[in-house]
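Values quoted throughout were computed directly from the atomic coordinates according to the rules given, and no laboratory measurement underlies them. What you are looking at is a predicted structure, and each value in this text was computed from that prediction instead of being measured. All Cβ positions, glycine included, derive from the backbone under ideal geometry; neighbour counts span all protein chains shown.
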Amino acid sequence: MTSRVRYEICIESIQGLQVAMAAGADRVELCSNLSLGGTTPSAGLIQAACERDLEVVVLLRPRAGDFVLSDAEFDVLTRDLSFAKEHDAAGVALGVLTAQGEVDMQRCAELLRLAGSMPVCFHRAFDFVRDQARALEQLVELGVARVLTSGGAADVVQGQEALKRLVEQAGERIEIMPGGGVRADNVAQVLRHSGARSVHFSASEFVPGKSQHRNPNCSLQASGRPTEFELQRTSAKLVHAVIDATQA
């Protein structure tokens with residue numbers, strides 16, 4: 001691929017930030033609970049990450065699950081947005097929907113107002129709207145800078161036709177950033193087919209933890225989740241593989 005691709009790496013630790021910086025990422029999306037689709041990171045992690053010399057976009061999602069928020073949850077989201085802005089985040093990623101699968105225009109407008117000049121990405125809540133073409137026009141109207149999406153499919157490969165349509169519809173008005181199942185063996189194809197010029201991926205792997213003592217009779221994890229003796233980390237090898245695949 002000949003033209004410049006921008007790389008956003010989804011991370012949930014300072015280790016991930018260090019890997020992203022060393023690999024030459026343009027930006028990171030900072031979150032917690034990647035295995036649940038991502039939730040808002042801690043205050044300390046936000047502060048520490050924003051002190052580094054890299055664009056940090058803070059994910060604002062007060063809980064896992066759907067994107068229809070109670071008044072109390074929305075209040076938490078606005079407080080987190082203000083905190084991220086106060087600590088000089090380069091942007092935020094957020095998304096609020098109505099129960100009918102529409103963009104919650106009233107609440108999103110309030111969030112954009114609070115963000116001010118800070119760029120806002122509408123995260124993968126976009127993949128759960130009723131009508132993506134209509135939703136995209138609403139996000140343009142709101143002044144959203146970027147949309148993170150798999151094209152409404154299980155992953156970017158299955159959604160690449162929808163991604164292509166979204167990129168064409170967006171034009172220069174708003175950025176469409178493919179994300180969801182991006183790997184070294186599909187990233188070049190997805191970018192080439194869709195026409196997108198940026199990509200979002202996590203490049204995660206599970207590695208053994210450092211604890212030498214283990215209690216096999218106790219776990220804090222839900223069934224099927226990694227144990228306390230495994231860590232989800234950002235893999236430098238996987239990051240470089242994705243980047244190298246776009247530069248061939």
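Things worth noting here:
- Residue order, fewest to most surrounding Cβ atoms within 10 angstrom, among I174, I14, I9: I14, I174, I9
- Here is how the number arises for the chain: DSSP H runs of 4 or more residues each give -39500 (n - 2.57), the sum is divided by the residue count, and the result at 222 nm is -10500 deg cm²/dmol.
- Highest-MSF residue in the chain out of V147, V167, V207 [GNM, Cα springs under 10 Å]: V207
- Counted charge near P216, where neighbours are those whose Cβ lies closer than 14 Å (Asp, Glu -1; Lys, Arg +1): -1
- Residue among L114, T78, S219 farthest towards the positive dipole end of the chain, charges placed on Cβ: S219
- Least to most buried among F67, F74 (fewest other Cβ within 10 Å first): F74, F67
- The residues neighbouring E168, those whose beta-carbon lies less than 14 Å from its own, together hold a net charge of 0 under the Lys/Arg +1, Asp/Glu -1 convention.
- Neighbourhood charge, 9 Å Cβ-Cβ cut-off, centred on T234 and excluding it, Lys, Arg +1 and Asp, Glu -1: -1
- Of the GluC sites (Glu not before Pro) in the stretch 1-107, the ones in a loop by DSSP (not H, G, I, E or B) with at most 14 other beta carbons within 10 Å are E51, E102.
- For the stretch 116-148, trypsin sites (Lys or Arg not before Pro) meeting the loop criterion (DSSP other than H, G, I, E, B) and having at most 12 other Cβ atoms within 10 Å: R130.
- Taking other C-beta atoms within 10 angstrom as a stand-in for reagent exposure, V76, V242, V57 fall in the order V76, V242, V57, fewest first.
- Using the alpha-carbon positions of the stretch 6-246, Rg (one decimal) and Dmax (whole number) come out as 17.7, 56 Å.
- Spatial separation of Cα centroids for the stretch 131-170 and the stretch 40-113, in angstrom: 20
- Since only P178, L45, V57 are under comparison, the one whose Cα sits farthest along the positive direction of the charge dipole of the chain, derived from C-beta charges on Lys, Arg, Asp and Glu, is P178.
- GNM result for the chain, Cα springs below 10 Å: residue of D75, D53, D131 fluctuating most strongly: D53
- Candidates L59, L81, L45: whichever shows maximal mean-square fluctuation once the chain is modelled as a Gaussian network with Cα springs under 10 Å: L45
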